[in-house]
Each structure stands twice: as structure tokens, then as C-alpha cells.
Amino acid sequence: MNRNGQRKSSRKSILIQLTAAPHGGIETHIYHFALLMAAHGADVTLISIRRFDLNERWTRDLVQAGIRIVRPPVLPSYLPGIVRAVISKAVVSKQLERRSFDFAYAQGHGRLFGWLRCLVRPGGLCVWHEHWYGVPGRGDNYTANSTSPNPARFGLGMRLMLRSMDAIITGCELSRRNLSEIQGNKKPVQVIAPLDRIDNLPIATDRKYGADSPLHLGMIARLGYGKGVATLIDIWPELNIGDAHLHFYGPDEKGLFASLVASRGLSDRIHVHGVFPREQLCDIAGKLDLGLMLSFEEGYGLAVWEYMASGLPFLMTKVGAFSEFTTSNPDGLSVSANKEAIKTGIRTMVARIRANKTSRIRLQEFHKCNFSYEKAAAQYVAYFIGG
């Protein structure tokens, strides 16, 4: 009962902190997570203290589902980043009631998540979702100015942030081990795969290949150096895999990679298609024979998740997605994050495909049994909503 003698609401209140780009892996997870929690009766508030540029359609869907969005203020770019963060945090926090949330759920990299503690009611939980700190090592293109962390010991700011959290969610066993063995974490860790969902997913069918069958290899993702795009363009002429074309689908900022392909004289064999409506994802996967995710610095695995859901055989680096994706899975292969390993991996998967040793039907069933949206959703509902 509250002080007016009324029964308190049993609805869970969940605060999500996210720095949102228009599209991306974490944005995809949070979009589906927020809708899932709202569908199970939770009051969901989504905030950002840096930027909130989520695409218009997803933003509209969230608002229509009753999810409150608190955006950061627009501040002059000449202010130092830490100053903008402090001002933004003050502005956003004024719009939120202190000690009123059952959960504060922080996403991605960040040293400032500890401030969420003041917004959580007594008995509530501050939860950090660790999305890719478990990456196993550096690849050829892992540069000193990279924004992605490596498995070394966290800096002081991150360690202080972890002390303010009550629990951690992460997507794979490697990450859990990193938190325990390298970071010395003592907080409870729950391993749950990130959420993604493909509506009207077609049932996969197998194809018959010959020794010289033309193949189409592709990467479906937000394109960037960290995903090995430039490296893949570099090694393509060296592969000698017969009649094969390489395709890139996804945002190519300022046409960077399209220009790189043109400058190498490879436009007849490498095709940069750019942004596509998400509704075309399955059609695109259906046109490809092998999906690629060759990250050197990001360990988030939704691109590979989507390949599996579509039944598209794939090659990934050990940094590019969870090792569980290739465990007991003959239709996917994981290799080290370096050029020679990637070249060998591509040749190996191409040979498997042309020898009809991969199966789109088998891969889609493997995904359904182990990594389906429904399976992960049930785990998130149990964690945040309860029985």
C-alpha cells in the first residue's frame, strides 16, 4: 500500500540508458527489448545523455508502444566531451523521478553509468549489459586509436562503474570468463544472447552446387573498418576462388568503401549496395551463398545471428561474434582475426559450399533450437519481469 492507502502497481519500471545511432546491433537489441518489456506490462523509459538518433520508424514504434523517450539536450560542439556529458546528465535527470525504477539497464561502453544508481528504488537493480568486451585479441587493423576496448584490465573509470552495478548481462561465455578472470568481477553475471527478430522469416531451402558454380559472398552490416571491410577488399584479388562476387549491404558513410573499390579497379567483382530497407534482409540473404562478418574490434554478433536465422552459411572471426555460433555447427566457421586466417577460412567455406557439405535447412534449424528470438525473449522476461 502507498501512503494514500492505495495498492501499489505491480508493473515493473525499467530505465534504459542508450547512446543511439540510426541503426546498429545494440540499437536493434534495445528496440526489441523495449517492445518486449512493454508487451509484458512494464513501464519503460529510454534515455540518452550523448545522442539519440534512432531511425524514425523504430522511434515511432517505441512511442506507439507507450515507451517514454528522454532525449539529451543539444549542446555546442566546442564544449569538451566530459562537460557536455555532465550538463546533459543534469538536464536528463531533472526529467526523471529519483528512486522510482525497479531496474536501470545500461548499454555499451561507458564510465558514467554509476549515476543511474540514484534513480533506482531500494531493492531495485542497476544492470550493465556488457556487449563486446570479451573479444579475444587484436587483429591486423586494430589500431591504437580504436574506440573498442580489448581484454586488458579495465581502466579506473570502468572499474568504478562496475562497483556501482548490481549485476551484469553478457552474450557469451567468453565474455563472462573475461569479466571474471581478467576484470576480477564478483557481481552476478547472466549470459543471454542479444535480441533480434525477423518477421515473416522464409523457410530455408538447400541448393545444389558444382565444382565451378558461381558464388556470391557478402557482408550485411553497418560497414566500417572495424568489421574488416577494407581488409576484405584488400585480400579479394588474392583468393583465387573461381567465379565469385563480393557484395556489401549496409550504410557506407560518405561512400568510403565504394570509392575504395573503384580506386582498386574491382567494381566488376565487388559491389557496394548501400542502405536497404530491413524488410529486404531475407531477400538479400537469399541471394548470397556465404555470409561474412570479419570484425577486428567489435564482438557483437547480430549480423551472424541474422545469417543463421536466414539459413545463410557464414564465416566469422573470433572477434566477430560468439564462439557458440560455430560450436557443433558445420555450416559456420570461426577463424582468427588476421588476413591469412581469413583467406584460409573463405577458401575452406567456398570449398564446402561447392562440395554440397553445407545446408541452409540444417543451419536454420540450428539457429531455431539454440538462438531463436523466442528463447532469448523468455530469458529476458524471466530476468526483468519474473515468473
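The values are calculated or read from the model by the stated rules, or taken from the named source; none is laboratory data. Remember, it's a predicted structure, so these values are computed and weren't measured experimentally. Cβ coordinates were reconstructed from backbone atoms using ideal geometry, including for glycine residues, and neighbour counts include every protein chain displayed.
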In the stretch 241-273, which residue that is assigned to a loop (DSSP other than H, G, I, E, B) and among the small types (Gly, Ala, Ser) is nearest to ALA211 (Cα to Cα)?
-> GLY242
Residue that is at pLDDT below 60 and basic (Lys, Arg), where the choices are ARG176, ARG138, ARG163, ARG159 = ARG138
Quick one: SER213 ticks every box in (1) part of a helix (DSSP H, G or I); (2) touching a residue at least 60 places away in the same chain (Cβ under 8 Å); (3) polar (S, T, N, Q) except a single one, so which number is it?
-> (1)
Where residues in the stretch 196-221 are surrounded by 13 or more Cβ atoms within 10 Å (Cβ to Cβ) and either touching a His at 6+ places or on another chain (Cβ under 6 Å) or among the hydroxyl-bearing types (Ser, Thr, Tyr) (or both), which of them is nearest to GLY171 (Cα to Cα)?
-> ARG197
Pairing a residue in the stretch 256-281 that is at positive phi with any residue that is modelled with pLDDT under 95 and surrounded by 14 or more Cβ atoms within 10 Å (Cβ to Cβ), where Cβ atoms lie under 6 Å and the two sit 6 or more apart in sequence or on different chains, gives GLY274/ASP252
For the stretch 283-387, which strands (runs of 3 or more DSSP E) that fit wholly inside it have 2 or more residues that are among the polar types (S, T, N, Q), closer than 30 Å to ASP212 by Cβ and under 16 Å from the mean Cα position of the chain (by Cα)?
-> none
Return only the number of the condition from (1) exposed (fewer than 15 other Cβ atoms within 10 Å of the Cβ); (2) out of contact with any Pro (no Cβ under 7 Å at 6 or more places or on another chain); (3) modelled with pLDDT of 95 or more that GLU279 does not satisfy.
-> (3)
Those residues of the stretch 13-55 which are surrounded by 14 or more Cβ atoms within 10 Å (Cβ to Cβ), at pLDDT 95 or above and part of a loop (DSSP other than H, G, I, E, B), in sequence order | HIS40, ALA42
